[in-house]
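Here the structure comes first, spelled out in structure tokens, and everything after it is commentary.
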Amino acid sequence: MNILHTGRNHFTYICSLKEEWKGVSITTCAMWTSMLQNIQTNQNKAIFHYDGTGPCSTLPTYGGAPAPVYIGTV
């Protein structure tokens with residue numbers, strides 16, 4: 001699943017609904033997908049937390065991105 005977020009202004013891969021990806025299970029990805037669809041439907045904003053330091057603008061794009069540690073709503 002790719003997301004377009006304002007911190008990077010580019011697409012970032014967060015998980016896969018077909019296979020485990022960087023430690024994120026299919027089940028977790030399905031829950032994140034549902035949660036993000038709900039956040040979008042309700043016109044809220046999502047927040048993504050990653051391990052490490054640095055600004056979101058330096059986050060790798062597409063499949064080069066690390067897996068999020070946490071996804072929530074603002």
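The values are calculated or read from the model by the stated rules, or taken from the named source; none is laboratory data. What you see is a predicted model, and the numbers here were worked out from it, not measured in a lab. Don't worry about glycine lacking a Cβ; one is built from the backbone with ideal geometry, like all the others, and counts go over all protein chains shown.
The sole residue among Thr41, Thr61, Thr28 that is more than 17 Å from His5 (Cα to Cα) and β-branched (Val, Ile, Thr) is Thr28.
The requirement of being surrounded by 13 or more Cβ atoms within 10 Å (Cβ to Cβ), touching a strand residue (DSSP E or B) at 6+ places or on another chain (Cβ under 9 Å) and in a loop (DSSP other than H, G, I, E, B) is fulfilled somewhere in segment 29-52, by at least one residue. Consider segment 1-19. How many of its residues are among the charged types (D, E, K, R) and surrounded by fewer than 14 Cβ atoms within 10 Å (Cβ to Cβ)? Summing the residues that are among the charged types (D, E, K, R) and surrounded by fewer than 14 Cβ atoms within 10 Å (Cβ to Cβ) in segment 1-19 gives 2.
Does Ile26 count as hydrophobic (A, V, I, L, M, F, W, C) and touching an Asp or Glu at 6+ places or on another chain (Cβ under 7 Å)? Yes, satisfied. Does Ser57 meet the test of being in contact (Cβ under 8 Å) with a residue 40 or more places away in the chain, of a type outside the set (Val, Ile, Thr) and outside any loop (DSSP other than H, G, I, E, B)? In short, yes. Among the residues of segment 61-69, is there at least one that is touching a His at 6+ places or on another chain (Cβ under 9 Å) and modelled with pLDDT of 90 or more? Taking every residue of segment 61-69 in turn, at least one turns out to be touching a His at 6+ places or on another chain (Cβ under 9 Å) and modelled with pLDDT of 90 or more.
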